[in-house]
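One structure is given below, encoded as structure tokens.
The values are calculated or read from the model by the stated rules, or taken from the named source; none is laboratory data. Owing to the predicted nature of the structure, the values given are computational and were not obtained by experimental measurement. All Cβ positions, glycine included, derive from the backbone under ideal geometry; neighbour counts span all protein chains shown. With ligands, DNA and RNA removed, areas are computed over all heavy atoms of the protein, side chains included. Shrake-Rupley method; radii C 1.70, N 1.55, O 1.52, S 1.80 Å.
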Amino acid sequence: MTVDGAVFEAREINAWRGDRHILRDVSFSVRPGEFLKVTGPNGVGKTTLLRVICGLLPAETGELWWRGKSVRGRRDEFNFELGHLGHLNSLKGDLTARENLKFLAGLRTTLTAQAIDATLDRVGILSRGDLPARSLSAGQKRRLALARLLLADAALWILDEPVTNLDTAGIRLVEELIVDHVEHGGLAIAAAHQRLLDDAPCLRRLELEP
Amino acid sequence: MTAVRTSTLAAAKLVFQRDMTLAWRRWDEVAQPLIFYVVVTTMFPLATTPDLSALREIGGGVVWVAALLASLLALEALFRADVEDGTTEQWVLSGQPLGYLLLAKVAAHWVLTGLPLVIMSPIVGTGLGLPTGAWGVLMFSLLLGTGTLSILGGIGAALTVGVRRGSVLLSLLVLPLAMPLLIFGSRAVSMQMDGDSPAGPLQLLAAIFFMALSLGPIAMSAAIRISVEN
Amino acid sequence: MSWTWFHKLASPPHAYRILGSMAPWFGWASLALILLATWWGLVKAPADYQQGDGFRILYVHAPSAWMSMFTYVVMAVAAGVGLVWRIKLAHAAAAACAPIGASFTFLALATGSIWGKPMWGTWWVWDARLTSELLLLFLYLGYMALRASFDDPQRADRASAVLALVGVINVPIIHYSVNWWSTLHQPASVTKFDKPSIDLAMLIPLFLMIVGFQLYFGWAVSRRLRGEILRRERNANWLKEAA
């Protein structure tokens, strides 16, 4: 990932879900080295905001800016620099862990066997590499999804409840990965209920109100 | 170290490979449309007459109708699993042009369902009295027709993914659009059997196929984005 | 480039008011013209020397068939506008058109069938136009079924818009293929329901009826669209204030 000038800005985002005006004039910016944690009660629009950033939901008004240019009309380019971890793990049960990475993360970056192995090791499931994904536990599946995110080599991480199904060790892993990522100049935006890097220096908060 | 970006062609190949790998592990699902095809064509002699010369009159049409119905059977689930587990969302976010990825998926689907139907057609055609001389036209017309139907069906499947009773709705949406294919395809076979040149309808089939190939991915992308956007 | 001016044009309260004032004009004018055309067609226009009086149903059949096609195109264009520029009113207009178009199609089929019975002794013929109309009816029904299958109105709008656009591209292909198919067995005529012989006296009631139907379309769409607006905006402030 290239991190010079990688600033993300959201300006006056307004979004509706059906009839409900969920996001009202949401504005914020994130710089390289920063981790933005989006908090707020259930249903306030954390997931909606993340999906709007990813382009999966339209914003009625407002703009997103990346590297000093508007994202509008340059979606694919922006998406390439964006790594998304949603509620679903995007795994195919019939494929092995390695195959899952090859066929999904491989769509973005050319993967070598070493890179795959190194990443599986980093998230702690190297021994499960050749097992079908359906035989992995919920926590292991989440870790595999994290591996996919790592291999995407994206500058901006969008994480929606990243520590779902993870034990304490898993939560620590996620925190380490985020800190690692932002220390190398990356950016991260996460929606999380739980404690996640709450005391870290790189943390900034965005509290959404209903 | 900056990773190397995958080319669109390589990404499309990966999607194709993935679907072939998945199908290989569940080959029984792949066989079902083929069995349906044979069963349906068997129904016609039983329902009408065992006389081959009478069956020959409508043989081309029956093979075509059966092929269309069998293809539709397999199409309903085309995108379902990928949308449900979030893979399609990742494709939308991959930075690759979505149309190409979806086209690769449709191509894999065609190889797994359409192509076997094409290969099987002389056999079921013989059961309906079609002469060997008509095999070539039958197979070629079905090749183009099932290919086009895979694309049209892909659009329909993308629109109806997640809908209850989606397969019935899918048939209702796709079949009227597939009528021209049926008309030209079965007509080509009849013309061949009558000794006329089937070039006209075959060319029209090819034109429709290429049109579907160029415009289909756009409609499919739009439809998939709509189904992912919720 | 901001399209907000476009969006203002498509504002629901605005549209609701304008449609409300336009609808009665459309309604009365269409009623007048349809009655005039009916009288002219039934009474004033001469009987055909070949088909006798039975052919007079053409004066309803041909305009209905024309309107069924016209409505589909309007529906597809509205859907396209709604999809590309994300204008909800355009989607509402497309939704309003569908049942009207389906009705015209059904009317064309019914009048075609009534026309055919005394002439050929059967209630149905696989004539090019009737078959095309039948397929068009399937397209309308498919569109309405797709709309109905979604709980989320936004998704219903956008998915059916894609379908309408795919359909409108296919309609010429379907027409051509059905024409081609029907000529294979009767090379002489493309459709059994040809106008017997083009005569000015016959063109007038035909033209009047078409205009009458177009005005009817204007009236029906205005009314349905107002209904759609009410339904979609039921929680909006402007509606609560007006009530």
Exercise for the section: State the percentage of accessible surface on chain C attributable to carbon and sulfur atoms; use a 1.4 Å probe and exclude ligands, DNA and RNA. Expected result: 69 percent
Practice task
On the full set of protein chains, 1.4 Å probe, figure out the accessible area of C:TRP219 and give it in Å² to the nearest 10.
Solution key: 80 Å²
Problem - Residues of chain A: accessible area per residue with a 1.4 Å probe, Å² - result: 42 Å²
Exercise for the section: Give me the distance in nm between label points sitting 7 Å out from Cα along the Cα-to-Cβ direction at C:VAL84 and B:GLN203, one decimal. Expected result: 3.2 nm
Problem - Förster-model FRET efficiency, 35 Å R0, B:SER7 and B:ALA31, C-beta, rounded to 0.05 - result: 0.55
Practice task
Apply 1/(1 + (r/R0)^6) to the Cβ-Cβ distance of B:GLU57 and C:LEU42, taking R0 = 51 Å, and write down the FRET efficiency to the nearest 0.05.
Solution key: 0.70
Exercise for the section: Post the alpha-carbon centroid distance, segment A:1-73 to segment B:141-183, in whole angstrom. Expected result: 37 Å
Problem - Solvent-accessible area of C:ILE18 with every protein chain in place, 1.4 Å probe, in Å² to the nearest 10 - result: 80 Å²
Handout entry: Given A:LYS69/A:LYS102; C:LYS88/C:LYS240; A:LYS92/B:LYS13; A:LYS37/A:LYS69; A:LYS37/A:LYS141, the pairs whose alpha carbons are separated by over 25 Å
Key = A:LYS69/A:LYS102
Practice task
Quick one: dipole size for the protein assembly as shown, taken about the Cα centre, charges +1 on Lys/Arg Cβ and -1 on Asp/Glu Cβ, in debye to the nearest 20.
Solution key: 960 debye
Exercise for the section: List the relative contact order of chain A as a percent without decimals, with contacts defined as Cα pairs under 8 Å and 6+ residues apart. Expected result: 30 percent
Fill in the blank from the handout: Hydrophobic long helices for chain B, i.e. whole DSSP H runs reaching 30 angstrom or more by Cα along the axis with Kyte-Doolittle mean at least -0.5, come out as B:27-47, B:52-75, B:135-160, B:166-194, B:199-228
Exercise for the section: May I ask you to rank A:ASP117, B:ASP194 by accessible area, largest first, using a 1.4 Å probe over the protein chains only? Expected result: B:ASP194, A:ASP117
Exercise for the section: Please give the contour-minus-distance gain from B:GLU84 to B:LEU115: 0.36 nm per residue of separation, less the Cα-Cα distance, rounded to one decimal in nm. Expected result: 8.5 nm
Practice task
In nm, give the distance between the simple-model label positions of C:LEU239 and B:THR48, each being 7 Å from the Cα along the Cα-to-Cβ direction.
Solution key: 5.4 nm
Practice task
Sort B:TYR100, C:TYR216, C:TYR143 from largest to smallest accessible area, using a 1.4 Å probe on the heavy atoms of the protein chains.
Solution key: B:TYR100, C:TYR216, C:TYR143
Handout entry: Rounded Å value of the spacing that divides the Cα centres of segment B:1-57 and segment C:123-158
Key = 28 Å
Problem - chain C, relative contact order in percent, only Cα pairs under 8 angstrom and at least six apart counted - result: 35 percent
Completion exercise
Calculated from DSSP helices alone, with each H run of at least 4 adding -39500 (n - 2.57) and the total divided by the residues of chain C, [θ]222 nm to the nearest 500 comes to -27000 deg cm²/dmol
Exercise for the section: Specify whether the C-alpha gyration tensor of chain A places it in the rounded, prolate or oblate class, a ≥ b ≥ c being the square roots of the eigenvalues: rounded for a/c under 1.5, otherwise prolate if a/b is larger than b/c and oblate if not. Expected result: prolate
Completion exercise
When B and A pair up, the total accessible heavy-atom area removed from solvent (1.4 Å probe), in Å² to nearest 100, is 3000 Å²
Practice task
Set the Förster radius R0 to 60 Å, insert the Cβ-Cβ distance between C:THR122 and A:ASN42 as r into 1/(1 + (r/R0)^6), and round the FRET efficiency to 0.05.
Solution key: 0.40
Handout entry: Helix C:12-39 vs. chain C, principal-axis angle (Cα, 0 to 90°, nearest 10)
Key = 10 degrees
Completion exercise
Under a Gaussian network model of chain B whose springs join Cα atoms within less than 10 Å, the largest fluctuation of B:TRP64, B:TRP27, B:TRP110 belongs to B:TRP27
Fill in the blank from the handout: Mean separation of Cα contacts under 8 Å (at least 6 apart) over the residue count of chain B, i.e. the relative contact order in percent, is 26 percent
Completion exercise
Relative to chain A, whose Cα atoms define the longest principal axis, helix A:168-183 and its Cα axis are tilted in degrees, nearest 10, by 60 degrees
Practice task
Provide the packing ranking of A:133-142, C:228-237, i.e. peptides ordered by the mean count of other C-beta atoms within 10 Å per residue, highest first.
Solution key: A:133-142, C:228-237
Practice task
Could you check the simple spin-label distance between A:ALA200 and B:PHE210, using points 7 Å along Cα→Cβ, in nm with one decimal?
Solution key: 5.5 nm
